[in-house]
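What follows is one structure encoded as structure tokens, with my remarks underneath.
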Amino acid sequence: MKKTKNKTGKNYKAIAGVSFFLLYIVYNFLFNSHIDIEIFNNELNKMISRNLIDRVVCVKNTEIVNIYIKKHAVSDCLNIINKSRGYDVLNDKIGVFDKLNGILAKTKKLSFYMIIPSVYVFDKNFKLIEDNLDEDQKIGYEVTTYVSWFQIISKILSTLFSLFFIYYILLSIGLIKGKGTFGGMFGLGSSRGKLFDKDSKNKITFKDIAGLIEPKTECQEIVDLLNNTKKLEEIGGKMPKGMLFIGPPGNGKTLLAKAIAGECNASFYYVSAADVGGVLYGAGVLHIKQIFESARKNLPAIIFFDEIDSVGRSRSSIGNNDEEKTLNSLLVEMDGFDSNSGILVIGSTNRLDVLDKALIRPGRFDMKILIDKPVLKERTAILELYLNKIKINKNNIDINTLAKRTIGFSSAEIATMCNNAALLATIANKPEVDNEDIQESFNRIVAGLKRKSIELSEKEKMAVATHEAGHIITSWYLEHADPVLKVTITSRGYSLGYAQYIPEEKFLTTRDEMYDNLCSYLGGRCAEEIVYDTMSSGASNDLENVHRIAFDIVTIFGMNDKIGRISYRAAIQNNPYTTGKPFSEETAKSIDAEIRKLVDDCSTRVKSLLKAHIEELNKVATELCKNEELTKDDIEKLIGPRGDFFK
């Protein structure tokens, strides 16, 4: 595999800009060595009468008359012009580069000229001037036609510099793409695929990745096949043409692709699909061809398209746009090379539903690997990996407990939590990270930063405490609701208070569990209605979750008796360009009615529960208002242990 290094580095644009700016200064200093001064008829008359002019040349093809002054008569001519006009004409002509020449002691040459409407008019005026002169004072004039190569070269250079600065400005603000070639000015230059250096000191291997148990196993098999292509050919097998990494963002799709590059001896091309195209029509097609041509020269090779949905989005029936041409080029390239050519295409996406069916069919992307949020075992491994990179107090940090609490966290969120804990310990000038830092970092990811600037009145504080107590009591006395871990009325992010739960890690959810969790979200609003006989704006996020769960129960999971055992999810996902609803208007009205009925039934159930435990509700609200935070143990001391009444 060839090594490729960017000689100019990441700041090649700035280096090029500074270089051409310096050249522009040198150009003005060396070539722009004249100061041109225009003179008028009365001034010309005085200069001729005082015998200051050597000769006069009329250039008829430019309608300009060049006035050549005798040596040592320049200052006298300037005095005539300044006196006639009432100001210093030379000082008015000196610019930035002329001042630079003065500093560098470079003498500027003065050129005098007249602009004439025509040779006939000049001849008439010039004769009137000479009629008042003696014979020995008359000098006459010459008529000529010539081309000034100096002026032509100067104009060409000025135009080239102007065009470059326009191009550089457009390149800097991102309106055009390129890497210094004329084709690259409009995104038609060499593609942005980066060839991975296998000898890099910072390469990543499977050992550097925690979690992803099944995906790493699948990828290890592919690495073994890439390293033993001859053995595969002897058996008669064929390498898969493509692998597709599917899953939510932040779970290691790009990291896993980099690990494949670090593990195998194949050339690895990293391509950001968003950078494939260009300004001009057809740039994406050209870049796709260049990437595959380069890969064929460096076999075996892996081409990784990060966020492939940018280039592989499903084609519409509206016409042949540039994105469709780019996708067609990718499809042809994946079909065009031999099955045993040693080229493997890997794509990553979190939007499988928008990819074109022709792209994800077997024969192109033969292997589809799900990279989902980590389960308990994987979260434990990820926490061990990142916590081992920082100094921690092992006596008060329980990794297993922390792994249970981080259900639903992505790999990136876990890594961020560990790093933020190290930042907090450093700011507090601690020698190592302790459990307090971990908890604060966890809270920041879940709810956001503390908002110390918000000061609630006692009335608002009690209202927030009552709202949160409603959530606690509801989940405490519902068997299938998630058990509470902690509740607080400390403002964080957009919330004035929040409750933390410890959901059980499971892969199937029953209807009873969904109903109880829906009721748990309604607990805060129902508590407000019971205690204060009013409503507040603090339940907006709760109501969003209520609607989401109710909508899923009715339309996705087929748990509603009236709508029936029907799911509309596939109808929407398989037709991303379909507008409107995948059901009739009558069914839509039934769905709305059933969602409303479900929420109303759950609200009635929650209100009955809270009224039955109104004393416990008031105890928790009062204690929460007083202490601002309650843990599971604190709640048990107030209202008894959870779970006894379920037996």
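Each reported figure results from applying straightforward, stated rules to the coordinates on display, with no laboratory input. What you are looking at is a predicted structure, and each value in this text was computed from that prediction instead of being measured. A quick note on method: Cβ atoms are made from the backbone with ideal geometry, for glycine too, and the neighbour counts reach across all protein chains shown.
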Could you please rank Lys70, Lys637, Lys461, placing first whichever residue has the fewest other Cβ atoms within 10 Å of its Cβ?
Lys637, Lys70, Lys461
Using the Cβ atoms and a cut-off under 13 Å, what net charge is assigned to the surroundings of Ala463, where Lys and Arg are +1 and Asp and Glu are -1?
-3
Between Glu130 and Lys637, what is the spin-label point distance in nm, taking each point 7 Å from the Cα along the Cα→C-beta axis?
11.8
Calculated P(r) of region 335-432 - Cα pairs past 24 Å, %
48
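What FRET efficiency, computed as 1/(1 + (r/R0)^6) with R0 = 30 Å and r the Cβ-Cβ distance, is obtained for Thr510 and Glu221, rounded to the nearest 0.05?
Between Thr510 and Glu221 the formula returns 0.25.
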May I ask you to derive the FRET efficiency for Arg548 and Ser158 from their Cβ-Cβ distance with R0 = 60 Å, giving the value to the nearest 0.05?
0.40
Among Ala593, Thr622, Ser608, whose Cα lies farthest out toward the positive end of the dipole of region 585-625, if unit charges sit on the beta carbon of Lys, Arg (+1) and Asp, Glu (-1)?
Thr622
Sorted by packing (mean other beta-carbon atoms within 10 Å per residue), highest first, where do 356-365, 489-498 land?
489-498, 356-365
In nm, give the distance between the simple-model label positions of Leu90 and Ser536, each being 7 Å from the Cα along the Cα-to-Cβ direction.
8.3
Highest-first arrangement of 75-84, 534-543, 465-474, 372-381, where packing means the average Cβ count within 10 Å
465-474, 372-381, 75-84, 534-543
